[in-house]
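Undergrad: Okay, handing you the structure first.
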Amino acid sequence: MNQKAFAIFVGAIMVFSAFAGMVMLGGDQSQRPIPTGSDSLDTFGVQGRLVEWDFDGLEDTLEMAPESTVAAYWMNMSAIQNLTDAARASLPQSVGLSYEGNLYPTEIERLAVAYFNDTVTEFHWVRPFGVGYDGFVVPYEDFMMIPAGSDYYSVMGKPILFGPQAGLEEILDVISGDLPTDKFTLPLGETADLQFASLGKGLAGADASGGYQEFYMGVSYAGDGYSLVAKYLQPDASTQEKAKEIADQYGLTVSSEGSLTEITGTVTADKLQGVLTAFLQP
């Protein structure tokens, strides 16, 4: 998704997001269903097929995303608050990240966002609750898409899918047919509290402008700071220079082997937002 299209999309979604939760849950937040305490998917009380997929990291997210995906991130919302705050200030915005405590009667424990075909789908992992909603439901591949405002829908399960209908349909096609998403390689086998990946130049079908074939970043709380690893596959000269500048500024280590450049190290809490922004800005 190019920057102009993404900016327009974010503007539209932020206008909608202020009331998205109220619409999905029936309009009156004072009458929201009370969680039953059960983790069973049946607790949602929605007919049809429910989403049931591993959701322990970015690799699991990408397995649900279509091959047209150009960027995605995953984060543990139950991690240290400093990490959540830094992510909210530096990552592309989403409804779940901006309104994490206001969308559902249970907290979003893990969240992911995938960008593809100039649209987006969010993934929200919450403890199941009884769903109340008004209006019609759109069936697709035996799943039920519940209206959540103008042009937005939710598909219940673990995780809950949230976004425009067209994007949800592509995700549900993958889930239903176990279709591969094989353009991302760097997130494979990686674990972290916060993970981000994007495709750049040199990869067929990727509408991205980064001076690399692929980028990955993972951040985790490490007691005395935050451990960080960032990887560039086939970076161009300007990207290599940018990596070196960031590493020098934040006391990180740069190493290169073949077509892979890797930046690793630990940053303190007061520098976390700065280093995330440095890596994620154009």
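The values are calculated or read from the model by the stated rules, or taken from the named source; none is laboratory data. All values derive from a computational prediction rather than experimental measurement. Neighbour counts run over all protein chains shown; Cβ positions are idealised from the backbone, glycine included.
Undergrad: In the stretch 93-132, which residue that is under 14 Å from the mean Cα position of the chain (by Cα) and without any contact (Cβ under 8 Å) to a residue 40 or more places away in the chain is farthest from Phe162 (Cα to Cα)?
TA: Looking at the filtered set, the residue picked out is Glu109.
Undergrad: Sticking with this one: For the stretch 47-75, what are the residues that are part of a loop (DSSP other than H, G, I, E, B) and either aromatic (Phe, Trp, Tyr) or touching a His at 6+ places or on another chain (Cβ under 7 Å) (or both)?
TA: Once the filter is applied, which keeps residues that are part of a loop (DSSP other than H, G, I, E, B) and either aromatic (Phe, Trp, Tyr) or touching a His at 6+ places or on another chain (Cβ under 7 Å) (or both), the stretch 47-75 yields Trp53, Phe55.
Undergrad: Within the stretch 174-192, can one find any residue that is modelled with pLDDT under 90, out of contact with any Asp or Glu (no Cβ under 6 Å at 6 or more places or on another chain), among the small types (Gly, Ala, Ser) and buried (at least 19 other Cβ atoms within 10 Å of the Cβ)?
TA: Scanning the stretch 174-192 turns up no residue that is modelled with pLDDT under 90, out of contact with any Asp or Glu (no Cβ under 6 Å at 6 or more places or on another chain), among the small types (Gly, Ala, Ser) and buried (at least 19 other Cβ atoms within 10 Å of the Cβ).
Undergrad: Looking at Ser227, Ser255, Ser259, can you tell me which residue is under 23 Å from Met75 (Cβ atoms) and of a type outside the set (A, V, I, L, M)?
TA: Numbers: Ser255 fails: under 23 Å from Met75 (Cβ atoms); Ser259 fails: under 23 Å from Met75 (Cβ atoms).
Selected residue: Ser227, the only one of Ser227, Ser255, Ser259 that is under 23 Å from Met75 (Cβ atoms) and of a type outside the set (A, V, I, L, M).
Undergrad: Condition test on Met64, is it of a type in the set (A, V, I, L, M, F, W, C) and either modelled with pLDDT under 90 or farther than 24 Å from Gln93 by Cβ (or both)?
TA: It is false that Met64 is of a type in the set (A, V, I, L, M, F, W, C) and either modelled with pLDDT under 90 or farther than 24 Å from Gln93 by Cβ (or both).
Undergrad: Any idea which of (1) modelled with pLDDT under 95; (2) buried (at least 24 other Cβ atoms within 10 Å of the Cβ) is the one Pro159 doesn't satisfy?
TA: The single condition Pro159 does not satisfy is (1).
Undergrad: Moving to a separate point now. Take the stretch 110-138 and flag every residue that is surrounded by fewer than 17 Cβ atoms within 10 Å (Cβ to Cβ) and part of a strand (DSSP E or B).
TA: Selection gives Val138 alone.
Undergrad: List pairs: first in the stretch 54-76 and within 19 Å of Lys158 (Cβ to Cβ) and without any contact (Cβ under 8 Å) to a residue 24 or more places away in the chain, second assigned to a loop (DSSP other than H, G, I, E, B) and not polar (S, T, N, Q), Cβ under 6 Å, 6+ apart or cross-chain?
TA: Filtered contacts from the stretch 54-76: Asp60/Asp54.
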